[in-house]
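What follows is a single structure, written as structure tokens, with notes after it.
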Amino acid sequence: MEEHVVLINKNDEILGLMEKMQAHENGILHRAFSVFLFNEKGEMLLQKRSANKYHSPNQWTNAVCSHPRINETYLEGAQRRLQEELGIEAELSPKFHFIYKADVGQNLWEHELDHVFTGSFNGEVQLNPQEVSEVRSISMENLEKEMIEHPQNFTEWFKIILKEYKEHL
């Protein structure tokens, strides 16, 4: 099934739909969301993208990042992807949104209006192997150290979103 993203202007007004790969090849602004989940120790849940992802395979990123569908709110999309990728439910709170553009390699771009959500999660996950190869929890201190020492192990958008997250919260 062909996936589409919702194209928008900088005011989040819908301009239409486009096949996801085409939007990423052309760097066209579209809707997205990112979810940060924390356990009771304050550690962040990271997922490692599956080796078969068409961009950024085998890289670590936040719990979930994806795109809402045309008739779906940002929150509904985030909750859907938690279920589809990690097999979990979590209560999410909207925190902030911003626009960014990132080169993700292979002549592909993420140009997104990203709505960032946070939530708590302490249970077991049921990974969708098409999407995620593994998960782990990490303290913010250790995450920052690891991102400095091994930036190639993390998705480009996660680096940007984490910086925004620290500035907003």
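Within region 139-163, the set of residues being open to solvent by 40 Å² or more (accessible area, probe 1.4 Å) and within 20 Å of His111 (Cβ to Cβ) comprises Glu156, Lys159, Ile160, Lys163.
Of the numbered criteria (1) without any contact (Cβ under 8 Å) to a residue 40 or more places away in the chain; (2) assigned to a strand (DSSP E or B), the one Lys101 fails is (1).
Scanning region 4-36 for residues that are among the charged types (D, E, K, R) and touching a residue at least 40 places away in the same chain (Cβ under 8 Å), we see that the one that is most open to solvent (accessible area, probe 1.4 Å) is Lys10. Residues in region 60-80 that are open to solvent by 30 Å² or more (accessible area, probe 1.4 Å), in contact (Cβ under 8 Å) with a residue 24 or more places away in the chain and not hydrophobic (A, V, I, L, M, F, W, C): Arg69 only.
Taken as a whole, the structure leaves Glu131 outside the set of residues that are under 22 Å from Val6 (Cβ atoms), at pLDDT 95 or above and surrounded by 18 or more Cβ atoms within 10 Å (Cβ to Cβ).
Identify, by number, the condition in (1) at pLDDT 95 or above; (2) surrounded by 16 or more Cβ atoms within 10 Å (Cβ to Cβ) that Ile99 doesn't meet. Failed condition: (2). For region 80-91, the count of residues that are part of a helix (DSSP H, G or I) and aliphatic (A, V, I, L, M) is at least one.
The values are calculated or read from the model by the stated rules, or taken from the named source; none is laboratory data. All figures in this text were calculated on a predicted structure; none of them were measured in a lab. Don't worry about glycine lacking a Cβ; one is built from the backbone with ideal geometry, like all the others, and counts go over all protein chains shown. Heads up: the accessible areas ignore ligands, DNA and RNA and are worked out on the full protein's heavy atoms, side chains in. Shrake-Rupley method; radii C 1.70, N 1.55, O 1.52, S 1.80 Å.
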